[in-house]
Amino acid sequence: MDDILKMTDLTLDQFDYDLPESFIAQTPIEPRDSSRLMVVNRATNDLQHRVFRDIVDYLHAGDVLVLNTTRVIPARLHATKIETGGAVEVLLLRKIDDVRWQCLIGGRRVLQGVGLVFGETGITAQIEQVLQESERVIRFSRPIDDDLNGLGEIPLPPYIHAPLIDPERYQTVYNKNAGSAAAPTAGLHFTPELLLALRAKGVRFAEVTLHVGLGTFKPVNVERIVDYHIHSERAILHAVDAKIINEAKLAGGRVIAVGTTATRALETGGILSEGGSPADPYASLEACAWRPVIAFDLDTNLFIYPGYRWRVVDAMITNFHLPKSSLMMMVSAFAGRELIMHAYETAKREGYRFFSFGDAMLIL
């Protein structure tokens, strides 16, 4: 009961911090693995400052590194209204079927039934359903998957103002499953050579796919954290990867999630394995023995904040996140809010770079 009361007392301001704009990384650093790495030890509250490629020193033979293999699609499209010629921006969030997509719309009075045309491509679309705020379901005149590279552009976060010269720099080197509206940015630090070095050390690899969607773009807009309802994202864990994770765990290895997206997928698998629901992960706060993760393919709306009982993840690689974001709440649930706030203030003093193209944190 005390844990539940503490959770209901959490407020949005508790996950706020001051960040001058100069700390926000505008361009990726080269090479990828030369970014800085803050190592956060949850047992000792110790902080160490390293370079990302030094992560090899902290991972051991028998550990399993879990990668989100999603690929960012050219999800930002420009259109005009068929009737009035007014400009409309479409940000694709998730594919519903061959011709229907859930999206965010930028433009005035883009209501149900409004028709859109996309330049000289001959592709049109109609607003089929108005969802919350700027969310819409649109129906294209034909499937657009094969047209996206010419039709759209990679949607960088709104806090990045510098042009991206190489679009592949906003992709992980291990991406292969197209479907995200944003990159799983913790994975941007890995190079093929670093992955080979980890494999040579005896680290195992497993994959999940979580297609990053609206939850990344939508700010938390409630005062009490327990009142927030996070949006769903498509997540997939195949049986072969669940087997690798379970074998590693049973043999005494650690499950190390690359990013909050891989974390969300893994913990979804852990909740499902005990018969629970990602929509209500706090139904039981009692500690229990670890249970194997199970394979799944579903939309997860798992929202992790302090008070969450961790099922699967033993260590996490992540970037430095936006104030008042659901990702700040997740890492605070993993490491403790006070330790995370201390780490962030230290990162500012030490000149770390923040957000998508910024530096990284390894939480042990």
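Brief remarks follow.
- Helix 326-335 vs. the chain, principal-axis angle (Cα, 0 to 90°, nearest 10): 10 degrees
- In region 76-153, a dipole from Cβ-located charges (positive for Lys and Arg, negative for Asp and Glu) runs towards its positive end, and of Leu92, Gln126, Phe140 it is Gln126 whose Cα lies farthest in that direction.
- Over region 137-246: Kirkwood hydrodynamic radius from C-alpha pairwise inverse distances, Å: 17.2 Å
- Counting only lysines at least 8 places from Lys324 when in the same chain, those with an alpha carbon closer than 30 Å to its own are Lys6, Lys95, Lys218, Lys348.
- Rounded Å value of the spacing that divides the Cα centres of region 185-212 and region 222-275: 17 Å
- Coordinate range of the alpha-carbon atoms in region 233-364 per principal axis, descending: 43, 28, 27 Å.
- The listed peptides 182-192, 83-93, ordered by packing as a protection proxy, come out as 182-192, 83-93 (highest mean of other Cβ atoms within 10 Å first).
- One Cα centroid belongs to region 107-163, the other to region 29-80; the line between them spans 31 Å.
- Residue (of Ala43, Thr69, Met329) at the positive-pole extreme of the chain, dipole from beta-carbon charges: Thr69
- Whole-number D in µm² s⁻¹ for region 1-127, Kirkwood Cα-pair radius fed into Stokes-Einstein, 10 °C, 1.306 mPa s: 77 µm²/s
- When the trypsin sites (Lys or Arg not before Pro) in region 134-220 are filtered for DSSP coil states and for at most 15 other beta-carbon atoms within 10 Å of their beta-carbon, the remaining sites are Lys176, Lys201.
- Close amide H partners of Tyr174, meaning residues 5 or more places away or on another chain with modelled amide H under 5 Å apart, do not exist here.
- Straight Cα distances below 26 angstrom link Lys243 to the lysines Lys176, Lys201, with same-chain residues fewer than 8 positions distant left out.
- The per residue volume of the convex hull around the alpha-carbon atoms of region 76-153 is 80 Å³.
- Under the combined filter of DSSP loop state and at most 12 neighbouring Cβ atoms within 10 Å, region 310-364 retains these GluC sites (Glu not before Pro): Glu350.
- With the highest mean first, a sort of the peptides 267-275, 307-315 on other beta-carbon atoms found within 10 angstrom per residue produces 267-275, 307-315.
- Average 1/r across all pairs of distinct alpha carbons in the chain, invert it, and you get the Kirkwood radius: 21.3 Å.
- Local net charge near Ala239, Cβ-Cβ under 14 Å (Lys/Arg +1, Asp/Glu -1): -3
- Placing +1 on the Cβ of every Lys and Arg and -1 on the Cβ of every Asp and Glu, with no other charges, gives region 76-153 a dipole of roughly 260 debye about its Cα centre.
- Trypsin sites (Lys or Arg not before Pro) restricted to region 29-128 and DSSP loop, no more than 12 other C-beta within 10 Å: Arg108, Arg109
Read-outs throughout are calculated quantities, based only on the coordinates presented, and are distinct from any laboratory measurement. Note that the coordinates shown come from a computational prediction; the quantities given were computed from them, not determined experimentally. In this analysis, Cβ positions are derived from the backbone assuming ideal geometry, glycine residues included, and neighbour counts consider all displayed protein chains.
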